1. Keeping to region 162-186, report how many residues are assigned to a helix (DSSP H, G or I) and under 17 Å from the mean Cα position of the chain (by Cα).
2. Just the residues that are among the basic types (Lys, Arg) and modelled with pLDDT under 95, please, taken from region 111-144.
3. In region 121-137, is there at least one residue being open to solvent by less than 10 Å² (accessible area, probe 1.4 Å) and closer than 18 Å to residue 77 by Cα?
4. Going through region 30-46 one residue at a time, which ones are closer than 12 Å to residue 15 by Cα, part of a loop (DSSP other than H, G, I, E, B) and free of Cβ contacts under 8 Å to residues at least 24 places away in the same chain?
5. I need the full set of residues from region 187-208 which are more than 15 Å from the chain's Cα centre (by Cα) and either under 18 Å from residue 127 (Cβ atoms) or open to solvent by less than 70 Å² (accessible area, probe 1.4 Å) (or both), in order please.
6. Every residue in region 237-247 that is out of contact with any Lys or Arg (no Cβ under 7 Å at 6 or more places or on another chain) and on the phi < 0 side of the Ramachandran plot, please.
7. Taking region 20-69 only, how many residues are among the β-branched types (Val, Ile, Thr), in contact with a Phe, Trp or Tyr (Cβ under 7 Å, 6 or more places away or on another chain) and modelled with pLDDT under 85?
8. Look through 175, 163, 222 and report the one residue that is surrounded by 14 or more Cβ atoms within 10 Å (Cβ to Cβ), within 17 Å of residue 110 (Cα to Cα) and not hydroxyl-bearing (Ser, Thr, Tyr).
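The values are calculated or read from the model by the stated rules, or taken from the named source; none is laboratory data. What you see is a predicted model; the values in this text were computed from it and never measured. Reconstructed Cβ throughout: ideal geometry from the backbone, glycine too, with neighbour counts over all protein chains shown. Ligands, DNA and RNA are excluded from the accessible area calculation, which covers all protein heavy atoms including side chains. Shrake-Rupley method; radii C 1.70, N 1.55, O 1.52, S 1.80 Å.
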Amino acid sequence: MNASENNEDMDLRNQIQDIALEFPGYGYRRITAELHNRGYSVNHKRVLRLMREDNLLCLKKRSRPITADSTHSLPVYPNILKGIEIKGLNQVWASDITYVQLQHEHIYLAVILDLYSRKCIGWDLSRSLGSQLTMNALAKALQDRWSESLTALIHHSDQGVQHASKDYVDCLKKHNILISMSRKGNPYDNAFAESFIKSLKVEEVYLNEYETSEDALKNIWHFIEDVYNRKRLHSALDYRSPDQFESEVALNTVA
């Protein structure tokens, strides 16, 4: 299979999983019909094969994990990123949460990106969707990036309860980090984090069948730290990796 065919297959897998999770009662024939509605020319035999390979045929008994519960009474903050030009490192951090399917359960991944370099600077993987998941990811980002000299750093997220929790907000305020949140139900307000998660799913998660959380941790660690941050080329970075881009920024700053 060449690169073009592989990308097409990964895109199709992504669509199939989205449909299967949104409509857990759909079998492969209905999913094939929905793919046709979305403009994909594919027959039901191929859909059945991909669903079997991705362990999606038993999703009727599963419910779609909800990662961003914004039905809470905690304070939320306006989106202050609109119209801002991102010109440097540690100007905007973006955070998001997704789930990772194991054979018999799902676990959750929280990530924080520096939007200038696209680098994943903090992340955590857990069976629990509680606020400690995002707190751990934030702690890693702060340990790696924060200093007393940072000013006007913006942290952007959705309005989910994890990011709006008192502990999380208090930690941001303690470090003089400005808080920005997407509009409710508008994933495009956090497009860069969404793009990272899609890359993670397509290039790592969908290619593997994790039996345990330990399997997922080992593989996801490798993808984020060794592949995505160090090696994966980004067109927005003039085809450099995040680590390479940040190294060049540091050299130019010294010069």
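1. 2
2. 127
3. yes
4. Within region 30-46, 38, 39 meet the criteria.
5. Passing the criteria: only 208.
6. Selection gives 240, 244, 245, 247.
7. Residues that pass the stated criteria total 1.
8. Sole residue among the options that is surrounded by 14 or more Cβ atoms within 10 Å (Cβ to Cβ), within 17 Å of residue 110 (Cα to Cα) and not hydroxyl-bearing (Ser, Thr, Tyr): 163.
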